[in-house]
Amino acid sequence: MLTWAGTDCLRLEGARVLLAERGLRATGSMVSATQGGIEAYTASYSLTTDEACVVQRLTVRIARAVGEQHVTLTRSEEGIWLVEHGQGAARTNFDGALDVDLAFSPLFNTLPIRRLGLHRDAALHDLPVVFVALPSLEVCRVSQTYRTASLGDPAAVSISSDSWEVELTVDTDGLVLEYPGLASRV
């Protein structure tokens, strides 16, 4: 069981994470108060990867004052993603994306870190990533760069995109300890 508290004390995430050699399964929940123009919500997720830590399936359910929604993303072995919001599935390849990033969740940054071993061996990777926005559940492809900043216990991994950069601290399993400006593991 892992728990992250938002640095602003307005968000909390808890997850049960089952680790394999490189892959993982996780079920978790997030609670967020109204902040920065984003309405209050609760979200729950279920995530499964294969042994290489490539996402196989993610389901996110969200409850807001206006109602409840869900999205399910499923990736086939051929690299085709099905995105289903309850009205039929849309197919796409998201430019070869293997990872998913759920907004405001430190857990999802663990996926490429573990898959690429960035907490064990220094490397730099530019990656297409499937991004799920909260609370809207909009799904899009984004580009993110993952770079080993330092090895050790803990290790540091830098993540950047066009408009931001952050250096995460991760444990020996590649799980996020500290995501500056977002959350810390408690």
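Of the residues making up segment 173-186, those that are out of contact with any His (no Cβ under 7 Å at 6 or more places or on another chain) and either surrounded by fewer than 21 Cβ atoms within 10 Å (Cβ to Cβ) or part of a loop (DSSP other than H, G, I, E, B) (or both) are Asp173, Leu175, Leu177, Glu178, Pro180, Gly181, Leu182, Ser184, Arg185, Val186.
Only one residue in Cys9, Cys53 is out of contact with any Cys (no Cβ under 7 Å at 6 or more places or on another chain), modelled with pLDDT under 95, buried (at least 20 other Cβ atoms within 10 Å of the Cβ) and assigned to a loop (DSSP other than H, G, I, E, B), so which one is that?
Working: Cys9 fails: buried (at least 20 other Cβ atoms within 10 Å of the Cβ).
Cys53 is the lone residue from the list that is out of contact with any Cys (no Cβ under 7 Å at 6 or more places or on another chain), modelled with pLDDT under 95, buried (at least 20 other Cβ atoms within 10 Å of the Cβ) and assigned to a loop (DSSP other than H, G, I, E, B).
Filtered by the rule that a residue be more than 15 Å from Val100 (Cβ to Cβ) and touching a residue at least 40 places away in the same chain (Cβ under 8 Å), segment 121-170 gives Pro135, Val157, Leu168, Val170. Residues in segment 138-168 that are under 30 Å from Glu84 (Cα atoms) and of a type outside the set (D, E, K, R): Val139, Cys140, Val142, Ser143, Gln144, Thr145, Tyr146, Ile159, Ser160, Ser161, Ser163, Trp164. Checked against the criterion of being surrounded by 16 or more Cβ atoms within 10 Å (Cβ to Cβ), more than 13 Å from the chain's Cα centre (by Cα) and not in a loop (DSSP other than H, G, I, E, B), the candidates Val166, Val157, Val130 yield just one match: Val157.
The values are calculated or read from the model by the stated rules, or taken from the named source; none is laboratory data. Because the structure is predicted, anything quoted here is derived from the model rather than measured. Don't worry about glycine lacking a Cβ; one is built from the backbone with ideal geometry, like all the others, and counts go over all protein chains shown.
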